């Protein structure tokens, strides 16, 4: 099975706060998303190595987005409840398989890296907000 298909639920869970944040902050650019994703990966690498995360000098937008991504990761790691996530991110789950819900930190990092690849690809094609504009079509605005 292809990676995207196998982790579709996780990828959607991680992209939802990105799209939600973009709708609330239309100045957000792909570069901001990439840096927030990289900071989130660094958070879990540092946790695994039992050290503090390396400083990334993130903008306020990047910091806030990274915090939302970490919240989703913590939920997928089984560390916080869905109620806590929804209270913090106004997130609605699109789909997940109950029997395969909990993921490892390594799996989540792979998913974050996959999204970074998507950001890079669509940014090359569509410019500063290429990824954001492309991905937004799959996440309709709440009514």
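The values are calculated or read from the model by the stated rules, or taken from the named source; none is laboratory data. Please read these numbers as outputs of a predicted model, since none were measured by experiment. When we count neighbours, we look across all protein chains shown, and the Cβ atoms used for this are built from the backbone with ideal geometry, even at glycine.
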Q | All positions within the stretch 56-71 that are over 19 Å from residue 117 (Cα atoms) and in a helix (DSSP H, G or I) | A | 60, 61, 63, 64, 67, 68, 71
**Q.** Only listed residue being in contact (Cβ under 8 Å) with a residue 40 or more places away in the chain, surrounded by fewer than 18 Cβ atoms within 10 Å (Cβ to Cβ) and touching a helix residue (DSSP H, G or I) at 6+ places or on another chain (Cβ under 8 Å), chosen from 15, 47, 8
**A.** 47
Q.
Looking at 125, 104 in this structure, which one is surrounded by fewer than 18 Cβ atoms within 10 Å (Cβ to Cβ), modelled with pLDDT of 95 or more and out of contact with any helix residue (DSSP H, G or I) (no Cβ under 7 Å at 6 or more places or on another chain)?
A. 125
(Q) Given (1) modelled with pLDDT of 90 or more; (2) touching a helix residue (DSSP H, G or I) at 6+ places or on another chain (Cβ under 7 Å); (3) more than 23 Å from residue 127 (Cα to Cα), identify the lone condition not met by residue 2. (A) (2)
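The rows are residues; the columns are (1) under 14 Å from the mean Cα position of the chain (by Cα); (2) crowded, with 17+ Cβ neighbours inside 10 Å; (3) modelled with pLDDT under 95; (4) not in a helix (DSSP H, G or I).
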| site | (1), (2), (3), (4) |
| --- | --- |
| 85 | yes, yes, yes, no |
| 93 | yes, no, yes, yes |
| 113 | yes, no, no, no |
| 121 | no, no, no, no |
Q: Being under 16 Å from residue 20 (Cβ atoms) and touching a residue at least 60 places away in the same chain (Cβ under 8 Å) is the filter; apply it to the stretch 128-137 and report the residue that is surrounded by the most Cβ atoms within 10 Å (Cβ to Cβ).
A: 131
